[in-house]
Amino acid sequence: MGQKIHPYGLRLGIVTDWKSRWYSDKDYAAQVAEDYHIRKYLKDELKRGAISRIDIERIGGSKVQIDVHTGRPGVVIGR
């Protein structure tokens, strides 16, 4: 009987990319919690936007770049 693995973990780095791209020596837990709250807020606010993926990238110390992949961009931008 073989071991079952998650398909996302198998494809990570080969076919798919990480959902969060950043590195932190200190305040790691706070930044993970902040990523969670950002994702939760966007999913709650844009329920009708058909969001498929939210990528978070931290640039430098204070800049955060968020890429929202959606099937209905008109709903997201407010049309």
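The listed residues are K43, K19, and the only one of them that is closer than 27 Å to P7 by Cβ, surrounded by 12 or more Cβ atoms within 10 Å (Cβ to Cβ) and without any contact (Cβ under 8 Å) to a residue 12 or more places away in the chain turns out to be K43. Checking each residue in region 1-51 for being in a loop (DSSP other than H, G, I, E, B) and among the polar types (S, T, N, Q) picks out Q3, S24. Within region 13-22, being modelled with pLDDT of 85 or more and of a type in the set (F, W, Y) holds for one residue alone: W22.
Report yes if S52 is within 14 Å of the chain's Cα centre (by Cα) and loosely packed, with under 10 Cβ neighbours inside 10 Å, otherwise no. Here the answer is yes, as S52 does meet what is asked.
The values are calculated or read from the model by the stated rules, or taken from the named source; none is laboratory data. Nothing here was measured: the structure is a model prediction, and the numbers come from that model. With ideal geometry, Cβ positions are generated from the backbone for all residues, glycine too; neighbour counts draw on all protein chains shown.
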